[in-house]
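A.B. asks: Structure in C-alpha cells, see below.
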Amino acid sequence: MTLTEVCQLHQRYVLLKARPQQGDLPAMQPGQFAQLLVENSPATYLRRPISIHDVSADTGEVSFLVQVVGEGTRHLAALSQGDRLNVLLPLGRGFTLPQSPAERILLVGGGVGVAPLLYMGRCMAAMGCRPTFLLGARTGADLLRLDQYSQFGEVYVTTEDGSMGEKGFVTQHSLLSSQRFDRISVCGPKPMMVAVARYAKASATDCEVSLENMMACGLGACLCCVEDTAQQGHVCVCQEGPVFNINELKWQI
Amino acid sequence: MADLRVNIAGLQMKNPVMTASGTFGYGLEYADLVNLEDIGGIIVKGTTLHPRQGNPYPRMAETAMGMLNCVGLQNKGAAYFCEHIYPQIKDIRTNMIVNVSGNTPEDYADCAALIDGLDNIPAIELNISCPNVKHGGMAFGTSCEGAASVVRAVRRAYHKTLIVKLSPNVTSVSDIALAVQDAGADAVSLINTLMGMAIDAERRKRVLSIGTGGLSGPAVKPVALRMVYEVARAVQVPVIGLGGISTATDAVEFLLAGASAIQIGTANFVDPTVTVKVAQGINDYLERHGCASVSEIVGAVDQ
C-alpha cells in the first residue's frame, strides 16, 4: 500500500491512511485488524498488529490509529505521505453487527482501543443503526477524533483527571445506570474490559471484548497469542478473535 | 534456470527451501498468501502422541532482530492429526513432513508409527530439542545417550526418511549429531531455538509465562551457521540448516557452510511469501555464479 496521509494527532498518536498500490481494498469487518511491517528497524523484527480504524469506500483508503508505545510504533509514526506500507489485512474475526436497526448497541473504548469503534459505527450507520459510544481516556487531550464518532451516534466520555466528560473510568459513567443495552462491544486495556464485562454480566447484557494478546504471525501459525477458552482451551486470538463473547472466555468476572 | 532440485536421504525436493516446524502451521494457514507447491518441503507443527495444551500466555517476547517463544508444543495429538488434518494436506504437491515430539522414547516411537502409515507424508523430523517442555524435548537432545535412545526407538517404528532436529543448547553439537547418525538418523536439521530470557524492567518480571523461551530470528544466524559448518564436517548424513534465515543470501551462506537444504522459520511471520522469494534468490545466485545446480555450492566455502 501507499500512505496517502500521515497525521500527527497528538504527541503519542498518529493517524495513517493508506491505499492499495493496485486494485481495491478487500471487504473488511469492523474489529478485524492488520499486520503492519516495520521496515528499517533493527531493534524490532515482527509486524505490528493494528486495528482497522476506518475504511472509506469513496477514496479506497483504510486508516490506522497508531499509539506510539515502543520502537516499532515509533518507526510507523515516522513514516511520511507517499511512503510504502506493507500491510497484511484483513485478519481475525470482528465485532457482531446488529441483526436489526432497533438493537441498542453500546460501543465502549479506552485509550487507543477506541480505534476499531469508529469503523464499527460507520458499518452500523450504513445498516440504519445508531450506536452509543462511551469512550474513556486519561485526559481530554487523549480523546481523539470525537467529531468523527459523533457522526454515527451519541458520544459519552470519561477522563481520569476530569478534564473532559465525567471524571473516572468508563464503568463509573452515569450512562450505565440510566440506560440498558442489548449488547456491549468493548476494546481497550484489559482491566477496563474486565470491569465492563463484570458490569455486563451483572446486568445480563450480551458483551464482547477485543483482545490484544501479543502475537507474532497474525495468521494462526505461531500459537503465541493464545487465550484460554471455556470450550476449546487455548485458541489463537488472531484467528478465533480478536473479538470474543465474554461467555467464551475464562475470565474471573 | 539452475537446477534447484535436491535429494535429502531419498526425499526428493524441487528446491532446497523448507518451512521450519511451528512457523508455518499446517501450510493451510498460508495457502491464501503463497503457492505452497512452490516450497520444497513444509514441516508442519510439532505433533505429539497425546494432545497438549502448551504453556500459558504470554508465550512470546520480541527481541532485537528476533523473538523468544515458549509455546510448549500445543497440538491436538497424532490421532487428531491423522484423522482431521492429514486429509486436508495430503494432496498438497510438495513434501509434507511431520515434526514429532514426545515425553519418552516410546512416545516418540508410537507417534512416529502412526505417521508412518500416512502415504503422503514422506518423512518425519524428530524434535529432540524443544526448550519449552518439562519432560522430553531438549532433555533428550542435550546428551548423546538420550538423543540416541530416542532415535533408536523411532528407527524401529518408522521406515521412511528420518530427520533429527538438533538443539544448539549443548557444548558439542557435532557429538550429538554423530550419536544420532549412528543410531539411524537419515539426516539432521539444526538449529532449534537457543534458550533465552526476557525481563520487563518496569514491572521487574520475566516476560514469558514459564520464565524462559527459545530465541529465533536473524539474531541467531551466526550461531546457527557455525554449528551447521561444524556438523556438516562431522557427519556423513545430509544436514538441513536453519536459524535466522530471512533472505536468499542467508540461505546461500548455509548451503556454502555445508547444508544440503535449508529451513525458514521466524521470517515466515514477517513475510509470508519469504520461502518462494528465497528459492528464487538461490536460483539467481547460482546463475550469477555460473553454477548449474544447488549441489555445486553445498559445503563450497573456502577452507
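The values are calculated or read from the model by the stated rules, or taken from the named source; none is laboratory data. These numbers were taken from a predicted model, which means no experiment stands behind them. So basically every Cβ, Gly included, is an ideal-geometry build from the backbone, and we count neighbours across all protein chains shown. Keep in mind that these areas ignore ligands, DNA and RNA; they rest on the heavy atoms of the full protein, side chains included. Shrake-Rupley method; radii C 1.70, N 1.55, O 1.52, S 1.80 Å.
A.B. asks: Do we find a residue being in contact (Cβ under 8 Å) with a residue 40 or more places away in the chain, open to solvent by 30 Å² or more (accessible area, probe 1.4 Å) and over 19 Å from the mean Cα position of the chain (by Cα) anywhere in region A:112-121?
C.D. replies: no
A.B. asks: Further, regarding this structure: Might you check whether a residue that is within 17 Å of the chain's Cα centre (by Cα), closer than 20 Å to A:Ala126 by Cα and either of a type outside the set (A, V, I, L, M, F, W, C) or within 14 Å of another protein chain (Cβ to nearest Cβ) (or both) occurs anywhere in region A:33-48?
C.D. replies: no
A.B. asks: Turning to a different aspect of this structure: Tell me, yes or no, whether region B:43-52 has at least one residue that is within 11 Å of chain A (Cβ to nearest Cβ) and in a loop (DSSP other than H, G, I, E, B). Outline the logic, then answer.
C.D. replies: First, pick out the residues of region B:43-52 that are within 11 Å of chain A (Cβ to nearest Cβ): B:44-46, B:51-52.
Those left that are additionally in a loop (DSSP other than H, G, I, E, B): B:51.
The answer is yes; a qualifying residue exists.
A.B. asks: For region B:60-74, which residues satisfy the criterion of being at the interface with another protein chain (Cβ under 9 Å from one of its Cβ atoms), assigned to a strand (DSSP E or B) and open to solvent by less than 50 Å² (accessible area, probe 1.4 Å)?
C.D. replies: The answer is B:Met60, B:Ala61, B:Thr63, B:Gly66, B:Met67, B:Asn69.
A.B. asks: Kindly state which strands (runs of 3 or more DSSP E) lie completely within region A:1-70 and contain at least 1 residues that are touching a Leu at 6+ places or on another chain (Cβ under 8 Å) and within 23 Å of B:Asp271 (Cβ to Cβ).
C.D. replies: Working: elements: A:2-10, A:13-19, A:33-36, A:48-51, A:54-56, A:61-67.
So the answer is A:2-10, A:13-19, A:33-36, A:48-51, A:61-67.
A.B. asks: Related question: Looking at region B:95-113, which of the residues that are assigned to a helix (DSSP H, G or I) and out of contact with any Ser or Thr (no Cβ under 9 Å at 6 or more places or on another chain) is most open to solvent (accessible area, probe 1.4 Å)? Step through it out loud before you land on a result.
C.D. replies: First pass over region B:95-113, keeping only residues assigned to a helix (DSSP H, G or I): B:105-113.
If we keep only those that are out of contact with any Ser or Thr (no Cβ under 9 Å at 6 or more places or on another chain) as well, we get B:106, B:109-110, B:112-113.
Working: B:Glu106: 115, B:Ala109: 13, B:Asp110: 81, B:Ala112: 0, B:Ala113: 48 Å².
Selected residue: B:Glu106.
A.B. asks: Taking region B:216-255, which residues are of a type in the set (Gly, Ala, Ser) and over 11 Å from B:Ile191 (Cα atoms)? It would help to see each step written out before you state the result.
C.D. replies: Looking only at region B:216-255, we keep the residues that are of a type in the set (Gly, Ala, Ser), and these are B:216-217, B:219, B:224, B:232, B:234, B:241, B:243-244, B:246, B:248, B:251.
Hits for region B:216-255 are B:Gly217, B:Ala219, B:Ala232, B:Ala234, B:Ser246, B:Ala248, B:Ala251.
A.B. asks: Can you pull out the residues in region B:92-108 that are out of contact with any Gly (no Cβ under 8 Å at 6 or more places or on another chain) and more than 15 Å from B:Ile43 (Cα to Cα)?
C.D. replies: B:Pro105, B:Glu106
A.B. asks: Could I ask something else about it? Quick check on region A:172-213: of everything there that is farther than 11 Å from A:Ile246 by Cα and acidic (Asp, Glu), which residue is surrounded by the fewest Cβ atoms within 10 Å (Cβ to Cβ)?
C.D. replies: Ranking the candidates gives A:Asp182 first.
A.B. asks: Being of a type in the set (S, T, N, Q), in contact (Cβ under 8 Å) with a residue 24 or more places away in the chain and open to solvent by 10 Å² or more (accessible area, probe 1.4 Å) is the requirement here; does B:Ser149 meet it? If you could, list the steps in order and put the result at the bottom.
C.D. replies: Numbers: of a type in the set (S, T, N, Q): yes; in contact (Cβ under 8 Å) with a residue 24 or more places away in the chain: yes; open to solvent by 10 Å² or more (accessible area, probe 1.4 Å): yes.
Criteria met by B:Ser149.
A.B. asks: Also, quick follow-up: Take residues that are in contact (Cβ under 8 Å) with a residue 24 or more places away in the chain and tell me which of the strands (runs of 3 or more DSSP E) falling wholly in region A:144-244 contain 2 or more. Don't jump to the end; show me each part of the working.
C.D. replies: Working: elements: A:154-159, A:183-187, A:206-210, A:226-229, A:233-236.
Those strands (runs of 3 or more DSSP E) span A:154-159, A:183-187, A:206-210.
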